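Notes follow once the structure below has been shown.
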Amino acid sequence: MLVLIISVFAVLVSLGSFVLAYLSDRRSHMPVLQFMWETAQSGTGEPKWWLINVGSGPATNVVVAQAARTGLTRGLNREVWYNPVLVPSIPAGGKLALSWLGGTMGLDCGLGASYTDVHRYFYTTKCGDDVCMFHVGLHIPRWPLLKLHERKAVKTWWGVEDLSGPQWSAATDGHVRRRWWLATRFGLSRRLGGWADPVRSYRPARTVDGVN
């Protein structure tokens, strides 16, 4: 009996060590993006919005979008997100200028960014009323990054000069399907390309509250 107890204890210790090592590895590669407004300093440059990685790992597959209103909470909660823009990866400690948002601090909208770590796990940052909230998982719509039905839902950052034209690719919680078995804390998906990735069920909408 004593031998059996020792064996079970050894297995539990090994399992615990494995879990701790896995969590440590995830945290060592976890990106955390924050939106920041920066005014022009000493007459150099122009005021603009920045996306800064304050995490410990690179942020990849970064998509920045806008919302008419965001409660900064987990999930979509009937939020309407539009104008998705694909931007380059941002290394830990790096930042990227969101030049297409213009030089106005008050955008009269919410901002959101979805991104993945090196293991393709999703993270989301929502910003509204000068407050940023970080969430594990995907909590804004998942637009296809490549062409769908001969159209691209997501524009690339170098192809967007400003927001003076019509808005594009509006999406709500009704345009993506969430897997019933996925824990709510992960939002729509936990991993890019995983079983719960809603990109396969994405359907472009012609109009959502006046947005194409």
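The values are calculated or read from the model by the stated rules, or taken from the named source; none is laboratory data. Since the model is a prediction, treat every value here as computed from it, not as a measurement. Note that we place each Cβ from the backbone using ideal geometry, even for glycine, and neighbour counts take in every protein chain shown. All accessible areas refer to the heavy atoms of the entire protein, side chains included, with ligands and DNA or RNA removed. Shrake-Rupley method; radii C 1.70, N 1.55, O 1.52, S 1.80 Å.
Listing for the model above:
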item: By average C-beta atoms within 10 angstrom, highest first, the peptides 57-68, 150-161; result: 57-68, 150-161
item: Inter-label distance for I5 and R179, nm, one decimal - labels placed 7 Å from Cα along Cα-to-Cβ; result: 4.1 nm
item: Accessible surface, per residue, of segment 47-101 when the full set of protein chains is kept, probe 1.4 Å, Å²; result: 37 Å²
item: In range of the label at E38: residues from segment 77-105 whose backbone nitrogen is under 19 Å from the point 7 Å along Cα→Cβ; result: 87-105
item: Label-point separation in nm, M133 to A97, each point 7 Å along Cα→Cβ; result: 3.1 nm
